[in-house]
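Read-outs throughout are calculated quantities, based only on the coordinates presented, and are distinct from any laboratory measurement. This is a predicted model, so every value here is computed, not measured. A quick note on method: Cβ atoms are made from the backbone with ideal geometry, for glycine too, and the neighbour counts reach across all protein chains shown.
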Amino acid sequence: MLARLQLHTHILYMMIGPYYSSSSVKYTVSLLLAISAVALSFAVHAQSSPERVPDRKGIIIVRHLAGVPITVDGAISDWPLDRFESIAEHPTFPQVQLASTSPALGDHIVFDPERIGLFNGTTSEAFKANASDFGSTIYFAYDDEFLHILAVCIDDHLRMERDTSDFGSTGFFNDGFEFFLDTRGNSGDCAAGLAFPNFDQEEPNVDDFQVTVALNENFKPSGVNETMLGVRQTVERGGDPDVVGPEKGGPGGSYRDALDAASGLDIAARRYDDLRAAGAINPEILAHPDVNYTGYVIEMRIPFGAVTAFTPDHPMGFELFWRDVDTADDPGKGGADVSWATWAQSTNVPCDDAPTSLFNAANWGTLVFDKDNGLGDGSASIGGNHPVSVAFDGDQVRIEYTGQLEYSGEVTGPWTALEGSSPLSIVPSGARRFYRALSVSSDSTPIFSDDLESEISGWTHGAAAGKEDPWQWGKPRGGVAPIAAASGNHAWGTGLEGGYPNFSDAGLRTPVIDLTGIEAATLVFMEYLDVEALDDDGFVLDEVKVNILDASNPDGDPLAAAIRQRAGSVRGWLQRKIELPASALGSKIMVEFRFVSDSWNDFDQGGWFIDDVAVLLE
């Protein structure tokens, strides 16, 4: 099924009514999603209790913002910290390390020296130089588009100069933190058991990855005041090489490209001389009102869909560790002059001692996304562009909107559709009146989609002269092949039982896809890849390519050749998204999945499998 093609209904509520001053009567327009006094009348929720995910070490509840507007700027003020309810707090060390689960359950986490694990040579003398040596509270929230993270860190000595790389690829030398995500929530093994420290490029770890978040003076925005700091988020490692990309931290990785494609900043940081005055409510700050705490704040967001299965409709595995860098003679520091500490009490990185290993996914916690107990007062959220704009013109209020505009005397309705079309001018009466605009939009409209389940009409395949054609449609049968399709029962593959012939050079082609008049489109498909990698000299042995063909002359030169070209193995189903180049737009096309193998294969490998193919209008 192509469940990834999501439709959203956006609702914006307003109240237009009078308020009185000593000189005149004025009108006010309020967005109900941001005004608690109004919105609470229809959006009050009791705290929910998510079902515990088994075999995980603690649950972090990620609550929906529910209309709270968040700007990524390193400021605390737009986060409703008073509405976070409980700390996901582990028992004291080493109780979690000795157990298979943890009772930790809450919507934020806290660095607590009695409940963390120290690793990389860090000793118990670390983090204790003075009251502002180090502390951290990290909050989580989400909306329809992003996972949001706010880290409020107590720190008297900021280090942001030790990473001198072009893309922030050695951010672990600077102050910050790192986290792991298992986006499918299905890993319970060593994530780096095959080629430590790299994550395994096979199930269940193909969707696991690690993100380094670091202060970095090389990325300070230009033209900002001195309290703004440079900061960078970078994928450190992942089971899917496409997530990291050709150069760690640089363009070409799916994670970095998704960050760069989203409007606005993906991360920001500020230095604070008084965290309490900035709005911080870390436990240390509340417990010691007579102490001034200095430090920094990192605010970041990650777009959903940036990585396979990174969507808020299911739990995900999660672990985090902190880094504090002070001076070369800092007491208790570990390797690289950094003090290292884990949330879930791991004290070792490799998996040779599984109960203590940071890379053992069985020792990670779980993120659970909760839309019922939102942080805001709105019962709906607004994604993308607001469907309503409001302007004042004398005694009139001018409303521009998309979709349908309705009004009511009460926020709960009943609602009555207003006659007329946008823009609409209204002269407010003495009584208050509520308005709402409804519009239906799509993240991506499918121009073509095929889950390959019912039939394969229009699909064709064939080999070059004298070459083998291994393409088959049906149910993958395991062995060195995948044990199942990405969804449903059927997929295309270069041999449903795995293994593929030598001397292959064959193209699998979609039906004709009409892109006439289309200016922007994205190819999306699921892929399982297990072919020979490049040899030691970088010579191509076997490879896969995606070409865009002219439907009127499919055997001629491609409109766009090798828009994706890979070799090697990622033995798990992963989603691929490729923005179609301009040369592929504006006409009728066919997508070709081209498989090539050489004269010899030393190993029995699964080949290339394709499922859930779509071309989306952007």
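Some notes on this structure:
- Over the range 538-616, Cα pairs under 8 Å with separation of 6+ residues give a relative contact order of 38 percent.
- Taking a ≥ b ≥ c as the square roots of the eigenvalues of the Cα gyration tensor, an a/c ratio of 1.5 or more together with a/b larger than b/c marks the range 160-225 as prolate.
- Over all other residues within a Cβ to Cβ distance under 14 Å of ALA328, the charged ones net out to -3, with Lys and Arg as +1 and Asp and Glu as -1.
- Taken about its Cα centre, the range 200-250 carries a charge dipole of about 480 debye when Lys and Arg each add +1 at the Cβ and Asp and Glu each add -1 at the Cβ.
- Inter-label distance, nm, simple model (7 Å from Cα along the C-beta direction), GLN404/ARG276: 5.4
- Applying 1/(1 + (r/R0)^6) with r as the Cβ-Cβ distance of TRP600 and ASP337 and R0 = 51 angstrom yields a FRET efficiency of 0.55.
- For the range 238-334, size of Cβ-based charge dipole, Lys and Arg +1, Asp and Glu -1, in debye: 140
- Computed magnitude of the charge dipole of the range 452-527 (debye, nearest 20; Cβ of K, R +1, Cβ of D, E -1): 200
- Net charge over other residues, Cβ less than 13 angstrom from the Cβ of GLY556 (K, R count +1; D, E count -1): -4
- FRET E, pair ALA131, GLN95, Förster distance 30 Å, beta-carbon r, rounded to 0.05: 0.65
- A crude spin-label estimate for the pair ILE447 and THR327, with each label 7 Å from Cα along the Cβ direction, gives 6.2 nm.
- Anchor LYS467: lysines whose Cα lies under 17 Å away (excluding residues fewer than 8 positions away in-chain): LYS545
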